[in-house]
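These notes are about the structure you will find just below.
The values are calculated or read from the model by the stated rules, or taken from the named source; none is laboratory data. Since the structure is predicted, the reported quantities are computational estimates derived from the model, not experimental observations. Virtual Cβ from ideal backbone geometry, glycine too; neighbours counted across all protein chains shown.
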RNA sequence: GGGCGAUUAGCUCAGGGGGAGAGCGCUUCCCUGACACGGAAGAGGUCAGAGGUUCAAAUCCUCUAUCGCCCACCA
């Protein structure tokens, strides 16, 4: 074996072997209880980014462990068609050739996107393989696969039949660049510096005027009223009269509406029902006309300013008003502006005919499912955000004016005016009107990408057909995702899953944070601080990246990924690698059994490490079951490095040298290494698989059984010995006594505790020889106390007496600090009365132990003179 | 305007009522026959601040400050 761990040399070969062995298929555990995770499907044209790497590291750790525990574990991979995002990518490519999608036409364009998908769709799945994600690729899905499209249509039609899908004229958020409607959630708001223009609207009759304030002056072209608060005394006499809309000349009424805040601006609002959601609501209440003043690209239409883009029009309108003497003032005004989440263009509230899902009836059950514990969030606090979001939902605009996606299964009868219902929503394509037999035209729009994503936990299994997989794997075992798509995705899966499957899609919803750069800032391409996980894999390996992500990902908190962590994880891998080399050398060509094989009759060191192995395994399982992977792998990391490698391997060296103990030592080394490799496997699958090959020599660790070492008591004396060795080393270090200089340790203590075994260990680990003494030694010696054992070292010629005095004085002071606190507690009647008995007993024991320790230190000081 | 989170060692972060933890960095010693991507021994914190609850507070409560994030119809 190579003396250095080289992740990239060992990682690449394993994936194919796992796949060929079929270990990622749930059928590998045919009798196991099902456990399924569906991947949060990445955009098909996307690239793996650090957020995916984190998400996949967590999911894979969960799934690999479940598989080893005997579950029929399944991780369903797949990708999302990502409507607008993907269409934008392909349009950009066309744009480079000077073409638009309209030059191609719908059919050719969609074919072009499919072509793009065929060309680049495999990239992200290859990247997943490189990270070692244990997906069952025989069950890979794409949101626009035929069967998933069938599911989408079934859901849409069913909701329509239930009256939960409807079509209507509403103000929606419109992206003039993507030329499509967006859902509320697809708009990102951020504060921008703008202007508040005050414009005078003259009364039609008489001399007066009212002044309105607006940030979007151009929308005045579409005003059909001005509104004041009904109780505003300033304008009480004006309600019911009309003003003449400047520039346009239209007479519009002054109306009273509660929505108006009398304290904002002048207390008068211009009302533009076609271009503002509030104004639309006011318009509905007062029966106002809506005047649309822009086309779908945001250019002005109509008699005035036609052809100007909305921002140019804003300037032009203000100039024209100024020329007319009606622009009262323009103030700087910082306010929140909505942007398209796909292209950052400023969105326009826009009146248009769209399809909506009425969400209330499907939302309440989704709220109840969390309230009654059918599904729970980890960490729990996310449920409050979920409730708040769900309780305030408004109907979901699901139609998109793009070409890439699931076309809305609605057909319009061309002869609708002749007594036919205008709209036919159908599970099958229509070529003629089912009522009158006349020609029909299909709706041009497609559905929101998230509509199909919402069905993912069951559509991947072939719903609406009742397939064996659907019956086996729904509900899924757990959902793991970032909070950034909790509303886009998790909330909607809950709605759809419960509505169509009758059960919540999963019992546990694990929400992890974002990956931030080492400087704590959000990783993003635009900031230029994004780290490509594939670059990290090339430099450090997939396993180190995975371990670093898992260790860094405390539940619900963002992850600041510093490359130092990844480097640290690789150093750990190197340590494991070399520890394994040592164990293998010690095993002398024999193999460890794949399971069990825990030796019964062993030496103290073996008994100790097996005792710890059982303890740590149990704790590790508890942490994993609670999704506390950073704690779990932190525990394992420290156990392996500090206890197995630094202590046990060193102690085993002694055991291997003696014929009497070599066999049980070898056996223990083998099973302990084997079990910690199993525990580590969910985080570092390649490294552990490689080492399994050498250690066990048969089968795959990925398909091995999760360890369950039997609990056993801690053997006496081992921790005391470790403490004593520490004291000797510390003594050397503080007095500059080289490790090469042998020390004679005069040990006085309970005879039973000092096994012969100590001699060999002290010699090997502390270069100290042992001489038992019957009495305590005084002047000229220093005393090392470890548990019940007192040991003495003759100081003559060995050390600097002053330095030793310093050391002892500091040690006494340290003990006094703790002792003082403990004694104060025991001196407090309240503590004795109210603290639990075991706490008091523990405190007493502490004081007793510390007092003894202090006394012995003090006597040493006295002995030094 | 609401809500949530964070503030702990030089750095990045765990912990969550009973003697302050990890990794990295730093200091000293050691290339001991698995590993110098290593070993050993150390230094280094008024747990943001102020009140409160408690026998006991880094931990629970209230307020304050700073920094993030989410939500909201700021014309």
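Would region A:722-729 turn up any residue that is surrounded by fewer than 19 Cβ atoms within 10 Å (Cβ to Cβ), in a helix (DSSP H, G or I), within 11 Å of RNA strand B (Cβ to nearest atom) and within 34 Å of the chain's Cα centre (by Cα)?
There is no residue in region A:722-729 that is surrounded by fewer than 19 Cβ atoms within 10 Å (Cβ to Cβ), in a helix (DSSP H, G or I), within 11 Å of RNA strand B (Cβ to nearest atom) and within 34 Å of the chain's Cα centre (by Cα).
Only one residue in A:63, A:44 is on the phi < 0 side of the Ramachandran plot, touching a residue at least 12 places away in the same chain (Cβ under 8 Å) and in contact with a helix residue (DSSP H, G or I) (Cβ under 7 Å, 6 or more places away or on another chain), so which one is that?
A:44
Conditions first: (1) over 29 Å from the mean Cα position of the chain (by Cα); (2) surrounded by fewer than 17 Cβ atoms within 10 Å (Cβ to Cβ); (3) over 21 Å from residue A:293 (Cβ atoms). Residue A:353 passes all but one, so which condition is the exception?
(3)
With (1) more than 11 Å from RNA strand B (Cβ to nearest atom); (2) surrounded by fewer than 23 Cβ atoms within 10 Å (Cβ to Cβ); (3) more than 25 Å from the chain's Cα centre (by Cα) as the list, and residue A:647 as the residue in question, which single condition is left unmet?
If we test residue A:647 against (1) more than 11 Å from RNA strand B (Cβ to nearest atom); (2) surrounded by fewer than 23 Cβ atoms within 10 Å (Cβ to Cβ); (3) more than 25 Å from the chain's Cα centre (by Cα), just (1) comes out false.
Might you check whether a residue that is modelled with pLDDT under 95, within 16 Å of RNA strand B (Cβ to nearest atom) and assigned to a helix (DSSP H, G or I) occurs anywhere in region A:671-685?
no
Criterion first (near RNA strand B (Cβ under 10 Å from one of its atoms), surrounded by 12 or more Cβ atoms within 10 Å (Cβ to Cβ) and under 26 Å from residue A:781 (Cβ atoms)) does residue A:800 satisfy it?
no
Go through (1) in contact (Cβ under 8 Å) with a residue 40 or more places away in the chain; (2) more than 36 Å from the chain's Cα centre (by Cα); (3) within 16 Å of RNA strand B (Cβ to nearest atom) one by one and return the number of the condition residue A:229 breaks.
(1)
Looking at (1) more than 24 Å from residue A:8 (Cβ to Cβ); (2) more than 10 Å from RNA strand B (Cβ to nearest atom); (3) in contact with a helix residue (DSSP H, G or I) (Cβ under 9 Å, 6 or more places away or on another chain); (4) part of a helix (DSSP H, G or I), which is the only condition residue A:714 fails?
It is condition (4) that residue A:714 fails.
Could you tell me whether any residue of region A:563-578 is more than 30 Å from residue A:677 (Cβ to Cβ), within 9 Å of RNA strand B (Cβ to nearest atom), touching a residue at least 12 places away in the same chain (Cβ under 8 Å) and assigned to a helix (DSSP H, G or I)?
So far as region A:563-578 goes, no, none of its residues is more than 30 Å from residue A:677 (Cβ to Cβ), within 9 Å of RNA strand B (Cβ to nearest atom), touching a residue at least 12 places away in the same chain (Cβ under 8 Å) and assigned to a helix (DSSP H, G or I).
What's the number of the condition residue A:838 fails, among (1) farther than 25 Å from residue A:758 by Cβ; (2) surrounded by 13 or more Cβ atoms within 10 Å (Cβ to Cβ); (3) within 12 Å of RNA strand B (Cβ to nearest atom)?
With respect to (1) farther than 25 Å from residue A:758 by Cβ; (2) surrounded by 13 or more Cβ atoms within 10 Å (Cβ to Cβ); (3) within 12 Å of RNA strand B (Cβ to nearest atom), residue A:838 is out only on (2).
Being crowded, with 18+ Cβ neighbours inside 10 Å, over 17 Å from residue A:726 (Cβ atoms) and in contact (Cβ under 8 Å) with a residue 40 or more places away in the chain is the filter here; which residues of region A:751-780 pass it?
A:757, A:760
Which of (1) within 23 Å of residue A:172 (Cβ to Cβ); (2) away from RNA strand B (no atom under 15 Å from the Cβ) does residue A:251 not meet, given it meets every other one?
Against the list (1) within 23 Å of residue A:172 (Cβ to Cβ); (2) away from RNA strand B (no atom under 15 Å from the Cβ), residue A:251 comes up short only on (1).
Output yes when any residue across region A:478-490 is more than 30 Å from residue A:188 (Cβ to Cβ) and crowded, with 21+ Cβ neighbours inside 10 Å, and no when none is. Spell out how you get there, then give the answer.
So in region A:478-490, the residues more than 30 Å from residue A:188 (Cβ to Cβ) come out as none.
No, region A:478-490 has no match at all.
Identify the single condition in (1) assigned to a strand (DSSP E or B); (2) within 30 Å of the chain's Cα centre (by Cα) that residue A:343 does not satisfy, given that it satisfies every other one.
Unmet condition: (1).
State all residues of region A:80-107 that are out of contact with any helix residue (DSSP H, G or I) (no Cβ under 7 Å at 6 or more places or on another chain), free of Cβ contacts under 8 Å to residues at least 12 places away in the same chain and closer than 14 Å to residue A:402 by Cα; if no residue qualifies, say none.
Answer for region A:80-107, where residues must be out of contact with any helix residue (DSSP H, G or I) (no Cβ under 7 Å at 6 or more places or on another chain), free of Cβ contacts under 8 Å to residues at least 12 places away in the same chain and closer than 14 Å to residue A:402 by Cα: A:102, A:105, A:107.
From the list A:784, A:746, A:819, which residue is at pLDDT 80 or above, within 49 Å of the chain's Cα centre (by Cα) and surrounded by 18 or more Cβ atoms within 10 Å (Cβ to Cβ)?
It is A:819.
What are the residues in region A:207-222 that are touching a residue at least 24 places away in the same chain (Cβ under 8 Å) and more than 10 Å from RNA strand B (Cβ to nearest atom), if any?
A:208, A:209, A:210, A:211, A:218, A:221, A:222, listed by residue number.
If you check residue A:843 against the conditions, is it part of a helix (DSSP H, G or I), within 15 Å of RNA strand B (Cβ to nearest atom) and under 30 Å from residue A:769 (Cα atoms)?
no
Strands (runs of 3 or more DSSP E) wholly in region A:383-502 with at least 1 residues that are over 22 Å from the mean Cα position of the chain (by Cα) and without any contact (Cβ under 8 Å) to a residue 60 or more places away in the chain - which ones?
A:410-413, A:423-425, A:440-442
Counting only residues that are in a helix (DSSP H, G or I) and touching a strand residue (DSSP E or B) at 6+ places or on another chain (Cβ under 7 Å), which one in region A:126-158 is nearest to residue A:49 (Cα to Cα)? Steps first, answer last, please.
Taking region A:126-158 as the starting set, the residues that turn out to be in a helix (DSSP H, G or I) are A:126-131, A:137-139, A:146-158.
Keeping just the survivors that are touching a strand residue (DSSP E or B) at 6+ places or on another chain (Cβ under 7 Å) gives A:139, A:148, A:152, A:156-157.
On the way: A:139: 23, A:148: 26, A:152: 28, A:156: 32, A:157: 36 Å.
The selected residue is A:139.
Test residue A:537 against the criterion of being away from RNA strand B (no atom under 15 Å from the Cβ), modelled with pLDDT of 90 or more and over 19 Å from the mean Cα position of the chain (by Cα), and give yes or no.
Working: away from RNA strand B (no atom under 15 Å from the Cβ): yes; modelled with pLDDT of 90 or more: yes; over 19 Å from the mean Cα position of the chain (by Cα): yes.
Considered against the rule, which asks whether it is away from RNA strand B (no atom under 15 Å from the Cβ), modelled with pLDDT of 90 or more and over 19 Å from the mean Cα position of the chain (by Cα), residue A:537 comes out as yes.
Go through (1) assigned to a helix (DSSP H, G or I); (2) within 48 Å of the chain's Cα centre (by Cα); (3) more than 29 Å from residue A:311 (Cβ to Cβ) for residue A:258 and report which single condition fails.
Just one mismatch for residue A:258, condition (1).
Could you check, for region A:581-598, whether at least one of its residues is in contact (Cβ under 8 Å) with a residue 12 or more places away in the chain, within 16 Å of RNA strand B (Cβ to nearest atom), crowded, with 21+ Cβ neighbours inside 10 Å and under 33 Å from the mean Cα position of the chain (by Cα)?
The answer is no; no qualifying residue exists.
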